[in-house]
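Let me begin by presenting the structure, written as structure tokens, before commenting on it.
The values are calculated or read from the model by the stated rules, or taken from the named source; none is laboratory data. Bear in mind the structure is a predicted one, so any value in this text is a computation, not a measurement. With ideal geometry, Cβ positions are generated from the backbone for all residues, glycine too; neighbour counts draw on all protein chains shown.
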Amino acid sequence: MTMKYAHKNLLLYILLSGVLAILMFPAQANAQTVIRDAEIESYMKEWFTPIFNVNNLQPSQVKIIIVQSNDINAFVAGGSNIFFYTGLIDKTENPDELIGVMAHELGHISGGHLVRGREAMEQASYESIIGTLIGIGAAVATGKTGAAGAGSLAGSSMAQRRFLSTARTFESSADQAALASLNRANMNPTGLLTFLQKLEGQEMLPSSQQSEYVLTHPLTRTRVDTVAAAVEKSSNLNKKLPAEWMDEHARMKAKLLGFINPQNVSWVYDDKDQSIPAQYARAIADYRQDRIDQALKGIDKLISIEPNNPYFYELKGQMLLEFGRVAESLAPYQKSVDLKPDSGLIRVALAHAQIETAGEDSKKLQKAIDNLHIALRDEPRSTQAHRLLATAYGRQGNDPMARLHLAEEALLQQKYGYAKQQADIALKGLDPKSAAALRANDILTYIKQKKKDT
């Protein structure tokens, strides 16, 4: 599985002093945690690909980012990055509804509704993007542009809502774009309508009780009626999604439940339920609650049922790594990579285990370095990959390359002063004509331009 998480929080693990840690956003009462999970992202990208295609987007151009939050929300930021809150995913009953939400968000992109703040996010990690949004929200709320400094986390939840919200005309325009996309893709548009209908009653509630989606995507009776009328006229109402997509949706919800609320798994799946999603949720819940033997037994049973499922091997590797059995985690992680070689997230997990077991062995460290460079093709915004590369190069005695990747990490975190310092030091030891030196100079040029713009 691709849920890399640390200290009993979901995915996105960041190596600090050799320990896995999770990056939180404490500015809001309901803190937001960025989750990275190869399985869930792969499922959603598969479901969304028909919509991407009719909008002239390659699936590789779009990143699906999950945010752990009970709030119901979704938005696009920092280019073609679509953020979905786990609260929204939990609210959906099928992939149709998620596809409808995604098509709506793409409608905002095609309509040019989401330009503000984009430049501040072009060289940012996904965590920094959320921090920047909160900072910009504070600026909008207070009228002080200084409040939107790099990665400011001082904004209030209401300030963020004000920034993310769009005019009702924009919402209607995005709805129409979504319906047109679904029509061109020959997909049933009912999911967009049923999702909006679930939230329709919230517009009558006080703002403090409304979902984030309603607050950031103003909902009206007219808007819902317009979507309903268009759906009724659709020639795709009888189109059904592939059966495997429904199964993937069930596995996705089971996985999130097991990680986020393991104590609730037994309430959702009774003991008689032996479906794959139920077994998956139980294995994860056992893992989250430190029932080591049960967790490993559960994942081994799933592997025996689906021996070619890369995500089951990844979950086993993660369990062993988290349980301190790092050397044992190498084999399942490698099997996962063999089965899913295009997943940067899984390669980062494997490289982490390789570094932890390599000691000062240069050849073993090089294997990890090679995996991380491959991973960065798919995950160019990964601070974790750059931190691991800095660690591996440092152990090899290659200080200039270690410094370069510390600079890369700092740039993604919008820590421009530290990024400049590390890039300057790296350049002193790099071949001036090398690709690494060119990259260090690119970092310095970008930082210099940022200073001019601020």
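Observations
- Only one of the listed residues (Ala385, Ala423, Ala390) is at pLDDT 95 or above, assigned by TED's automatic domain parsing to the domain that holds Ile443, closer than 24 Å to Ser42 by Cβ and not polar (S, T, N, Q). That residue is Ala385.
- Strands (runs of 3 or more DSSP E) lying entirely in segment 1-112 (those with 3 or more residues that are modelled with pLDDT of 85 or more and assigned by TED's automatic domain parsing to the domain that holds Arg251): none
- Selection of segment 342-352 for residues being among the hydrophobic types (A, V, I, L, M, F, W, C) and over 15 Å from Arg387 (Cβ atoms) yields Ile346, Leu350.
- Test result for Asp293, in contact with a Lys or Arg (Cβ under 9 Å, 6 or more places away or on another chain) and part of a helix (DSSP H, G or I): no
- Matching entry among Tyr446, Tyr418 (being over 16 Å from His373 (Cβ atoms), in contact (Cβ under 8 Å) with a residue 40 or more places away in the chain and not hydrophobic (A, V, I, L, M, F, W, C)): Tyr446
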